[in-house]
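Where a number appears in this text, it was derived from the coordinates with a stated rule and is not lab data. Remember, it's a predicted structure, so these values are computed and weren't measured experimentally. With ideal geometry, Cβ positions are generated from the backbone for all residues, glycine too; neighbour counts draw on all protein chains shown.
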Amino acid sequence: MLTFVDEILLLMLDDEKGSFLPIRESTMGYVLAGAVLMDLAFANRIDTDPSQLMVLDKTPIGHSPHDRILENITTSNETRDTKAWIETISREASEIREQSLASLVDTGILESQEEKFLWVFRARRYPTIDGRAEREVKLRITGVLLSDETPDPKDVAIICLADACNILRDVFSEREINRIRPRIDQIRKLDLIGREVSGAIQEIEQAIMAAMTHAHH
Amino acid sequence: MMNIGEEKSDSVVIVAIEGRVDGTTAPELENRILEVVDRGDVNVLLDCAGMTYVSSAGLRIFLTSARKCQQSGGRLMICSLQPDCKTVIETSGFHTVIDCHDNREAALATVS
């Protein structure tokens, strides 16, 4: 069974090229951190409210980055809110990403290819070899966003993550996105971790905009 | 700590919640609501007058239960939220996907 980290990484990849869609590094960090926390929340290991994140059960879930992060939260001396944990965990984004990609290669969903460019630089690509998992995720997303039905919390979570890193544009046309924007806005509020991920990304974007405006003057 | 009461008013089963709905207690509430829906009572009113706290795990159960009621041809409603819980429900937009009412009477009046 795929984790939220696996699912959002599949959505972030260009299927044919095997490279990541253009997503800011900080955005990817926050989204992957949120995905880890969602995995832990849906496995009943943690719970959250607007002011704190609590450990319910410290039993590992069997995924190494998640279990290490769960242990860090469990052994932390201070009570922190979800946003603070998203910021902390986002620093480990590259490790979270690499471990999930390795697992997706192991299960035959992606293949790993190394390519050289300019004779010296190496880049790794992950073309999709079994697209069923990603198609299923996209079907769940479209099913929720194109209907008025009460959504499943798991579908809410993946929509929050996909919208936070602006990759719903890879699922819907620009026109469709504009049409369903009210539904996206309704859905993405329903998950507290997802809301905090979006909030953290917006803060970074506003800071960048402010810095750019300042530089122009 | 959470207590659950149950009573029936015409075609609606009222599930009265007392105490905290969090990661520890939410599974019990979910099982209770699913039990009600599975026996054919698909219109459920969660009376939250005694609910003192609701966490994300609790909100997820509200959503799962509302979905189950809807898929079974009925609906889930919520009433009598205390101010703190009402704020949580409204901040997270749950009142846009689940019918929320000020009291039992107002909720029951919407069911024909």
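For the reader, a short list of remarks on this structure follows.
- Around the Cα centre of chain B, unit charges on the Cβ atoms of Lys, Arg, Asp and Glu (plus for the first two, minus for the last two) sum to a dipole of about 280 debye.
- 10 Å binning of all Cα-Cα separations within region A:31-89, expressed as whole percents from 0 upward: 25, 65, 10
- Surface/4 estimate of mean projected area, convex hull on alpha-carbon atoms of the protein assembly as shown, nm²: 20.5 nm²
- Non-local Lys pairs in chain A, i.e. 8 or more apart or on different chains, that have alpha carbons under 30 Å apart: 12
- Simple spin-label estimate for A:Thr213 and B:His95 in nanometres, 7 Å along Cα-Cβ: 3.2 nm
- Net charge dipole size for chain A [Lys, Arg +1 and Asp, Glu -1 on Cβ; Debye, nearest 20]: 420 debye
- Only helices enter the 222 nm calculation for chain A: every DSSP H run of n ≥ 4 contributes -39,500 (n - 2.57), and dividing by all residues gives -19000 deg cm²/dmol, rounded to 500.
- Over region B:2-108 - Rg/Rh using Cα atoms and the Kirkwood inverse-distance radius: 0.91
- Over chain B, Cα pairs under 8 Å with separation of 6+ residues give a relative contact order of 25 percent.
- Axial C-alpha extent at least 18 Å, average Kyte-Doolittle at least -1.0 - helices from chain A (DSSP): A:25-42, A:93-106, A:132-145, A:192-216
- Between the listed residues B:Leu63, B:Gly50, B:Thr87, the Cα displaced farthest toward the positive end of the dipole of region B:2-108, a dipole computed from Cβ unit charges relative to the Cα centre, is found at B:Leu63.
- Taking every C-alpha pair closer than 8 Å and separated by at least 6 residues, the mean separation divided by the residue count of chain A gives a relative contact order of 25 percent.
- Basic side chains Lys and Arg get +1 at the Cβ, acidic Asp and Glu get -1 at the Cβ, and with that the dipole of region A:114-217 about its Cα centre reaches some 280 debye.
- Take the Cα of B:Tyr53, go 7 Å toward its beta carbon, and the backbone nitrogen atoms of region A:73-96 under 17 Å from that spot belong to A:79-82.
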